[in-house]
Amino acid sequence: MTGSVEALRLTPGEVDLAALRRIYQGGVTLTLDEGACAAILRAQQTVDDIVASGKVVYGINTGFGKLAQTQIPSSRLADLQRNLVLSHSVGLGELLPDNVARLVMATKIISLARGHSGVRVALIEALLTLFNADVMPCIPEKGSVGASGDLAPLAHLSLMLLGEGQARVRGTLTSARDALDAVGLQPFVLGPKEGLALLNGTQVSTALALRGLFEAENVLAAGLVAGALSLEAIKGSLRPFDARIHQARGQRGQIAVAAAVQRLVEGSEILSSHVNCGRVQDPYSVRCVPQVMGACLDNLSHAARVLQTEANAASDNPLVFSDSGDVISGGNFHAEPVAFAADIIALAVAEIGAISERRMALLLDTGLSGLPPFLVRDGGVNSGFMIAQVTAAALASENKSLAHPGSVDSLPTSANQEDHVSMATYAARRLGSMCFNTAAVVGIEAMAAAQGIEFHRPLQSSALLEQEIARIRQQVAFLEEDRLLAPDIDAMRLWASRSDWPDFLTALLPSQRTVSFNE
């Protein structure tokens, strides 16, 4: 790792969203809270005692899935765990990026360190060593149905520990054996249950959903700024943002969003210039920003609570309860909570883009906005933002299809032993494309709204919005006449994807504030 590095201490069961976001962003090293080791050791001893006794327990000395009735002799337990990893490494597609791989590694460490998996401390320490040296597993993005855990992708993570396959060392692809050598590790010979503990779990689905959450938070904040810019550009009314309206309904997100918009436009000369204009009602895409964006915020907050819990969960199978010596087979690997959370995030991301695209269309309609047609002088010769809105419409429409819930789909696997699956991995993975689309839509709106505000000069907007306009102008010039807009649109997509928004906006976002595990 280069640059400033922050040390994070992981307390299994108590890692919050703010820490997970920092892991996603990079520039951190991880240590495990000292108190976790006792529970890890007790669980490992329970597994060792079972092996020594010859007692038959699923996942320790049996086959897996439909082969769970097959007893495996002690002399072949190492082969059992190694073969499990090799046979399950069947993923396809692009590799998960390092920011997601970091979350997979961190959440797997947290899960194993809960003390219900029966693995050695040395295995967890190896994962920490690899993480801290910026050695990331090569995990193909496709091949998991999100039940029995993320079996294929987590098998690819586990290959790295065996010295098989490939890994990325500070972003450079190399062999897993060389990656282990670089940090002074030898390939692991997995002990009883360790392969199964690595493969079972919801860590890949959870990591992908966390990425979706963090990026959705960014576009939510961007959408509030873009909406405020559009409000100014059309000289819209601030009365629908009156706190009394939103208190009368009582929805928390709605109340918070209305207050945020009021703060964004506070002190605006444009706003005060039309106080007595007689305009009564703006279109819903402007007037109902608190109701729509507030509902999106509430959805993200609910999903955040679910994902924070899941990131701390013991989700492999079977689970070891060392206080009683029991090893119990259940189904914590079933990622239905993650699938639902991902679907909820998808709805919010789609709606943030949908309402933004409608405001973009409003800005171009001179009859509703009072601005020059398509926001350009000498219209006819110039098309202005006409086709930029088409791009926004295309992306918003694509998100409607992508928002179809993944959690309602299921195909049975493993000879019908695993007859209902969550599809959480796909549900979470598609959020990346959706956030990309919505960031572009919101960026296009903000670019157009900034253009509209320029037509009101010399009047100034609020100090906060003028700062955003200045930031936009660093990347995108005023559109005096038609030019190539594709680079501008991509620059504005990046504007909408950033995380450094005004403090009162970031304070709204679940990963930037304390979210109670019991809330």
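The values are calculated or read from the model by the stated rules, or taken from the named source; none is laboratory data. Since the model is a prediction, treat every value here as computed from it, not as a measurement. Note that each Cβ is placed from the backbone with ideal geometry, even for glycine, and that neighbours are counted across all protein chains shown. Accessible surface is based on the protein model in full, side chains and every heavy atom, while ligands, DNA and RNA are left aside. Shrake-Rupley method; radii C 1.70, N 1.55, O 1.52, S 1.80 Å.
Overview of values
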| read-out | value |
| --- | --- |
| Mean residue ellipticity (222 nm) of the chain, computed from DSSP H runs ≥ 4 via -39,500 (n - 2.57), nearest 500 | -17500 deg cm²/dmol |
| For region 373-466, alpha-carbon Rg relative to the globular expectation (2.2 N^0.38 Å, N residues) | 1.72 |
| Length added when fully stretched, residue 266-residue 49, from 0.36 nm per residue minus Cα-Cα | 71.4 nm |
| Binned Cα-Cα distance frequencies in region 1-87 - 10 Å width, integer % | 14, 29, 22, 26, 10, 0 |
| 385, 504, reordered so the largest accessible area comes first (probe 1.4 Å) | 504, 385 |
| Span per principal axis, largest first, for the Cα atoms of the chain (Å) | 86, 48, 44 |
| Theoretical FRET efficiency, 1/(1+(r/R0)^6), r = Cβ-Cβ of residue 507 and residue 404, R0 35 Å, to 0.05 | 0.60 |
| Residue 88 accessible area, 1.4 Å probe, all protein chains in place, Å² to nearest 10 | 50 Å² |
| Simple spin-label estimate for residue 309 and residue 34 in nanometres, 7 Å along Cα-Cβ | 3.3 nm |
| Acute angle (nearest 10 degrees) that the helix 36-53 long axis makes with the longest principal axis of the chain, alpha-carbon atoms | 40 degrees |
| Nearest-0.05 FRET efficiency for residue 475 and residue 390, computed from C-beta distance (R0 30 Å) | 0.90 |
| Inter-site label distance for residue 498 and residue 397 at 7 Å from Cα along Cβ, in nm | 3.2 nm |
| Surface per residue (accessible, 1.4 Å probe) for the chain, Å² | 40 Å² |
| Cα-Cα pairs of region 176-217 separated by more than 16 Å (percent) | 62 percent |
| Segment residue 457-residue 433, length gained on full extension (0.36 nm per residue, minus Cα span) | 4.9 nm |
| Simple spin-label estimate for residue 181 and residue 323 in nanometres, 7 Å along Cα-Cβ | 4.7 nm |
| Over region 194-264, volume per residue of the alpha carbon convex hull, in Å³ | 104 Å³ |
| Stokes-Einstein diffusion coefficient of region 370-410, Kirkwood radius over Cα pairs, 4 °C, 1.567 mPa s, in µm²/s | 102 µm²/s |
| In degrees, nearest ten, helix 151-162 long axis to first principal axis of the chain (Cα) | 60 degrees |
| Segment residue 378-residue 414, length gained on full extension (0.36 nm per residue, minus Cα span) | 6.4 nm |
| Region 304-351: Rg to Rh, with Rh as the Kirkwood radius over Cα pairs | 1.17 |
| DSSP bridge pairs, region 7-200: antiparallel proportion in percent, nearest 5 | 70 percent |
| Distance histogram for region 7-200 (every C-alpha pair counted, 10 angstrom bins, percent rounded to whole numbers) | 9, 36, 38, 15, 2 |
| FRET efficiency, residue 129 to residue 83 (Cβ-Cβ, R0 22 Å, nearest 0.05) | 0.30 |
| Calculated over region 433-482: convex hull of Cα atoms, volume per residue (Å³) | 88 Å³ |
| Most to least packed among 291-297, 469-475 [average Cβ atoms within 10 Å] | 291-297, 469-475 |
| Using alpha-carbon coordinates, inclination of helix 386-402 to the longest axis of the chain, degrees | 30 degrees |
| Part-to-part distance (alpha-carbon centres) for region 295-357 and region 21-78, which is given in Å | 23 Å |
| Hz values of 3J(HN,Hα) by residue in region 7-12 - Karplus curve (6.51, -1.76, 1.60), Gly and Pro given as x | 8, 10, 9, 9, 9, x |
| Heavy-atom accessible area order for 58, 426, 284, largest first, 1.4 Å probe | 284, 426, 58 |
| Ordering of 157-165, 252-260 by packing [mean C-beta count within 10 Å, highest first] | 157-165, 252-260 |
| Order of exposure, largest accessible area first, which applies to 178, 316 with probe 1.4 Å | 178, 316 |
